[in-house]
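Asks: Sharing a structure below in structure tokens format, with a few things to ask.
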Amino acid sequence: MPDFSDLSTPLVADACVRAGIPPRIAPAGIRPVIPGTRLAGRVLPARHAGSVDVFLEALEAARPGDVLVVDNGGRTDEACIGDLTVLEAAAAGVAGLVVWGLHRDTAELVEIGHPVYSYGALPLGPLRVDPREPGMRFGPHDLSGDDLVLADDDGVIFLASGQAAAVIEIAQAIQQTEREQARKIRTGETLREQTRFAEYLARNKEDPQYTFRVHLRRVGGAIEE
């Protein structure tokens, strides 16, 4: 599996745009229970149906470093995972959990310290057991064990494993450029100077088709994507 643990979700999202790959972003609002935690790994999919057996079955096939990704349909009327599920996932070698829904047992999850992402907390667990259905989604995205997931304080993004190497290479290049731009700003060279912004304004005035993104690519900047 390509190593992208040192990349941020904004970098990977920008790299997808630059590569012409539609970014597969989780719905806004999915955040870590413990701010500052990060996740990167293969998707271990689980579609919740009201009972913990779905998670136990998924964990039977877990590989070290997998991320348990839970489809609970974005429900906000129940919490579908808690401390026991997280402890069991950690014991199975799973790197963390990303939930399209809610969690509970927040104090225990903070004490456990294992990365968990969700919409937030609710005391109530499931009061239903539904028929199990095949496949799974996270927001608008279909997911499977062939996908990768990256999560940080900015949110969650999914990558098809076959596209990951190319996207990661682009993201690393963007990261290097942005770090150098940040270094120059701190030493007194403004971003406007680095991107030759006055030159852009003059050219755009003559040719409105000459966009700032086109200009950035010509001068080697990496601000917007």
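The values are calculated or read from the model by the stated rules, or taken from the named source; none is laboratory data. As the structure is a computational prediction, the values presented were derived from the model and not from experiment. When we count neighbours, we look across all protein chains shown, and the Cβ atoms used for this are built from the backbone with ideal geometry, even at glycine.
Asks: Looking at 178, 133, can you tell me which residue is touching a residue at least 24 places away in the same chain (Cβ under 8 Å), among the acidic types (Asp, Glu), within 23 Å of residue 37 (Cα to Cα) and not in a strand (DSSP E or B)?
Replies: Matching residue, one of 178, 133: 178.
Asks: Right, next: Between a first residue in region 1-30 that is polar (S, T, N, Q) and a second residue that is surrounded by fewer than 18 Cβ atoms within 10 Å (Cβ to Cβ), which pairs have beta carbons less than 6 Å apart while being 6 or more apart in sequence or on different chains?
Replies: 9/154
Asks: Are any residues in region 60-84 surrounded by 14 or more Cβ atoms within 10 Å (Cβ to Cβ), within 17 Å of residue 132 (Cβ to Cβ) and more than 21 Å from the chain's Cα centre (by Cα), and if so, which ones?
Replies: Passing the criteria: only 78.
Asks: Which one of these does residue 55 not meet: (1) closer than 21 Å to residue 80 by Cα; (2) surrounded by 17 or more Cβ atoms within 10 Å (Cβ to Cβ); (3) under 12 Å from the mean Cα position of the chain (by Cα)?
Replies: (3)
Asks: From 195, 211, grab the single residue that is surrounded by 13 or more Cβ atoms within 10 Å (Cβ to Cβ), farther than 26 Å from residue 99 by Cβ, in contact with a Gly (Cβ under 8 Å, 6 or more places away or on another chain) and modelled with pLDDT under 95.
Replies: 195
Asks: Let me ask something else. Give region 152-163 a look and list any residue that's surrounded by fewer than 21 Cβ atoms within 10 Å (Cβ to Cβ) and more than 11 Å from residue 19 (Cα to Cα), or say none.
Replies: Those that are surrounded by fewer than 21 Cβ atoms within 10 Å (Cβ to Cβ) and more than 11 Å from residue 19 (Cα to Cα): 153, 154, 155, 160, 161, 162.
Asks: Looking at region 120-133, can you tell me whether even one residue there is touching a helix residue (DSSP H, G or I) at 6+ places or on another chain (Cβ under 6 Å) and assigned by TED's automatic domain parsing to the domain that holds residue 16?
Replies: yes
Every residue, every condition in (1) assigned to a strand (DSSP E or B); (2) in the same structural domain as residue 132 (by TED's automatic domain parsing); (3) not basic (Lys, Arg), yes or no:
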| site | (1), (2), (3) |
| --- | --- |
| 2 | no, no, yes |
| 13 | no, yes, yes |
| 18 | no, yes, no |
| 36 | no, yes, yes |
| 45 | yes, yes, yes |
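Asks: Let me ask something else about it. Taking the condition more than 30 Å from residue 116 (Cβ to Cβ), of a type outside the set (Phe, Trp, Tyr) and under 26 Å from the mean Cα position of the chain (by Cα), does residue 182 pass?
Replies: Yes.
Asks: Would you check if there is a residue in region 92-102 being touching a Leu at 6+ places or on another chain (Cβ under 9 Å) and within 15 Å of residue 24 (Cα to Cα)?
Replies: Scanning region 92-102, I find at least one residue that is touching a Leu at 6+ places or on another chain (Cβ under 9 Å) and within 15 Å of residue 24 (Cα to Cα), so the answer is yes.
Asks: Taking residue 101, is it within 22 Å of the chain's Cα centre (by Cα) and either surrounded by fewer than 18 Cβ atoms within 10 Å (Cβ to Cβ) or at pLDDT 95 or above (or both)?
Replies: yes
Listed here are the residues, each with its yes/no results for (1) free of Cβ contacts under 8 Å to residues at least 60 places away in the same chain; (2) aliphatic (A, V, I, L, M).
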| position | (1), (2) |
| --- | --- |
| 55 | yes, no |
| 70 | yes, yes |
| 74 | no, no |
| 81 | yes, yes |
| 113 | no, no |
| 156 | no, yes |
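Asks: Scan region 103-130 for residues that are of a type in the set (Ser, Thr, Tyr) and assigned to a loop (DSSP other than H, G, I, E, B) and jot them down.
Replies: Hit for region 103-130 is 119, nothing else.
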